[in-house]
Amino acid sequence: IFVAVCIGLGYLGAKPPEGIYVVAGRVLTFAYFAYFLIVLPILSRIETARPLPNSIAEDVLRKTGKTPVSAVIALAVGGMLMLGGMNNAKAEEGHGPTPPSLKWSFAGALGKFDQGQLQRGLKIYKEVCASCHGLSYVAFRNLADAGGPGYSTAQAAAFASEYKVKDGPNDAGDMFERPGRPADYFPSPFPNEQAARAANGGAYPPDLSLIAKARGYERGFPQFVIDALPGFSFQEKGPNYIDALLQGYEEKAPAGFTLPEGSYYNKYFPGHSIKMPKPLSDGQVTFDDGSPATVQQYAKDIAAFLMWAAEPHLEARKRLGLQVMIFLIVLSGLLYFTKKKVWADTH
């Protein structure tokens, strides 16, 4: 039960403090502290200790072959409670259908970004998204980094020079514009939030630098447990959501749904009412590599590019993680044989 409570609190710690999550958090928090403040003190007074074993070999190191049924039942019950709470919360929040899970080149423990896809996504951002959305945490020099779109330093500098960056003050105390440099970050299309809202009917277009990490959907139980295991981390929720959102626009809202004025219906957007008009259409962007000029292709390419923008060092992280796992496996083997040597006489 204590293990189930700990897992439940870990899950709820990543959820927003609202709805069923608040109630479940209070219940599990009470159960957590009750274990130390109520259960253990009572057990210390009423339990009868077992007799001391004759040796470690007879008791601690002996394989009983018994299955911890109570622990399995406790985990199963805790999982069902969390699943029910999650479904209730999703219903309360008005989430739409779960986005389809697509195949991505960067998925899995050994996945890598597709450079061609990143270059196509960058072109879509520049020609379509950059008019409203910033990319303020990405520098032009990052385009030439390892694990990125694959541009050279000279190409990244040439790309930066196509932008105008506000700088200053100069010797006269005035601000001025100059061509971008590799060290500059992608400039925002608006000088401030008020200007952005005024140009978009009161809506504030979010910065896209971290959007692939900030947006996603619930995978529920037991998937979220599997996602926490090394090598099984599911990091494609953001790209799946972005791809689905860009293709989820419908011309008419379903019967019975009241669409606010100036909004558009999107079946994947929470609440289904979104201020951003449909940004993509077939033939809008032409690719040099001959890839299809379709909304489906655009959506997947820009989603992959935004995943790279949110985690440009993903490939390096995976390489380091693989090295750590190999080290831990070797270390575990060495520790096992060390233990066998130390306890040889007991065995």
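At-a-glance table
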quantity	calculated
Residue-level accessible surface for Thr258, protein heavy atoms, 1.4 Å, Å²	120 Å²
Hz values of 3J(HN,Hα) by residue in region 234-250 - Karplus curve (6.51, -1.76, 1.60), Gly and Pro given as x	8, 10, 9, 4, x, x, 4, 5, 4, 4, 5, 4, 5, 9, x, 6, 10
Sequence-distant residues sharing a close amide H with Gly108 (under 5 Å, placed H)	Gln235
Length added when fully stretched, Leu52-Ile329, from 0.36 nm per residue minus Cα-Cα	96.3 nm
Nearby lysines by direct alpha-carbon distance to Lys300 (threshold 27 angstrom, same-chain neighbours under 8 apart not counted)	Lys90, Lys103, Lys112, Lys123, Lys126, Lys213, Lys237, Lys252, Lys267, Lys275, Lys278, Lys318
Alpha-carbon centroid distance for the pair region 278-347 / region 7-55, whole angstrom	35 Å
Accessible area, probe 1.4 Å, largest first, for residues Ser273, Ser281	Ser281, Ser273
Residue-wise HN-Hα coupling along region 144-152, computed from phi with Karplus coefficients 6.51, -1.76, 1.60 (Hz; x: Gly, Pro)	9, 6, 5, x, x, x, x, 7, 7
With all protein chains modelled, accessible area of Arg317 [1.4 Å, Å²]	110 Å²
FRET E, pair Val342, Lys267, Förster distance 41 Å, beta-carbon r, rounded to 0.05	0.10
Shape category assigned to region 243-329 from the gyration tensor of Cα positions, a/c cut at 1.5	oblate
Residue order for Ile124, Ile1, Ile226 - accessible surface, 1.4 angstrom probe, largest first	Ile1, Ile226, Ile124
Whole-Hz ³J(HN,Hα) from phi, Karplus 6.51 cos²θ - 1.76 cosθ + 1.60, for region 128-133, glycine and proline x	10, 7, 5, 6, 10, 10
Computed FRET value (nearest 0.05) for Leu37 with Leu320, which takes r as the C-beta separation and R₀ as 41 Å	0.50
At R0 = 22 Å, FRET efficiency that the Cβ-Cβ distance of Lys278 and Glu193 yields, to 0.05	0.40
Gyration tensor (alpha-carbon) shape descriptor, region 90-219, a/c threshold 1.5	oblate
Area of Tyr241 that stays accessible when all protein chains are in place (1.4 Å probe, Å², to 10)	20 Å²
Nearest-20 debye value, region 238-347 charge dipole, Cβ charges on Lys, Arg, Asp, Glu	740 debye
Carbon and sulfur %, accessible surface of region 260-347 computed with the full protein complex present, 1.4 Å	62 percent
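The values are calculated or read from the model by the stated rules, or taken from the named source; none is laboratory data. As the structure is a computational prediction, the values presented were derived from the model and not from experiment. Because the Cβ atoms are built from the backbone with ideal geometry, glycine has one as well, and the counts that use them run over all protein chains shown. Just so you know, the surface numbers come from the protein's heavy atoms only, side chains and all, with ligands and any DNA or RNA stripped out. Shrake-Rupley method; radii C 1.70, N 1.55, O 1.52, S 1.80 Å.
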